[in-house]
Amino acid sequence: MEAPGAWAHRVAMNLARSHFRHLKVTERVHAHLALSGEAIDASDLDGAIAVRAAVAELPERQRMAIVLRYFVDLSVRDTAEVMRCPEGTVKTLTFEAIRNLRERDVLASESALEVDDAG
């Protein structure tokens, strides 16, 4: 290695950038959660309870991906930032979570949660 000091500096800068990006995304998630006090229609209450219970039974990482993508409404990129994993992992976890929910007959229609690769 020709310049270990330069390499260490670059690594430190990349870690700092990543840390501050993570903080920014986390702040956006908390702000979104604080502002989203949407009311649930009483006729949908049973369905909402069933979905919530089924999501709670998902494996932790699948649950996190589903909640961040569809309940917090984050993009694939932002979800990957929060979960500290590649975007492809978020897509895979989301796909598996939706498949699990459909297998439990919680999601009756194919369009209940659409998996989009665009983010």
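The values are calculated or read from the model by the stated rules, or taken from the named source; none is laboratory data. Just so you know, these numbers come straight off a predicted model, no measurement behind them. Ideal geometry is used to build each Cβ from the backbone, glycine not excepted, and the neighbour counts take in all protein chains shown. Surface accessibility is based on the protein's heavy atoms, side chains included, excluding ligands, DNA and RNA. Shrake-Rupley method; radii C 1.70, N 1.55, O 1.52, S 1.80 Å.
For the range 92-104, the set of residues classified as open to solvent by 70 Å² or more (accessible area, probe 1.4 Å) and in contact (Cβ under 8 Å) with a residue 12 or more places away in the chain consists of F95, R104, listed by residue number.
Determine whether the range 45-56 contains at least one residue that is part of a helix (DSSP H, G or I), at pLDDT below 70 and open to solvent by less than 100 Å² (accessible area, probe 1.4 Å). The answer is yes, given that some residue of the range 45-56 is part of a helix (DSSP H, G or I), at pLDDT below 70 and open to solvent by less than 100 Å² (accessible area, probe 1.4 Å). So, in the range 69-95, exactly how many residues are more than 17 Å from H22 (Cβ to Cβ) and in a loop (DSSP other than H, G, I, E, B)? Total meeting the criteria: 1.
Exactly one residue among R77, R21 is open to solvent by 50 Å² or more (accessible area, probe 1.4 Å), at pLDDT 90 or above and over 19 Å from D105 (Cα atoms), and that residue is R77. Exactly one residue out of I98, I66 is at pLDDT 85 or above, part of a helix (DSSP H, G or I), in contact with a helix residue (DSSP H, G or I) (Cβ under 7 Å, 6 or more places away or on another chain) and of a type outside the set (S, T, N, Q), and it is I66. The combined condition, being exposed (fewer than 12 other Cβ atoms within 10 Å of the Cβ), in contact with a helix residue (DSSP H, G or I) (Cβ under 7 Å, 6 or more places away or on another chain) and at pLDDT 80 or above, is fulfilled by P86.
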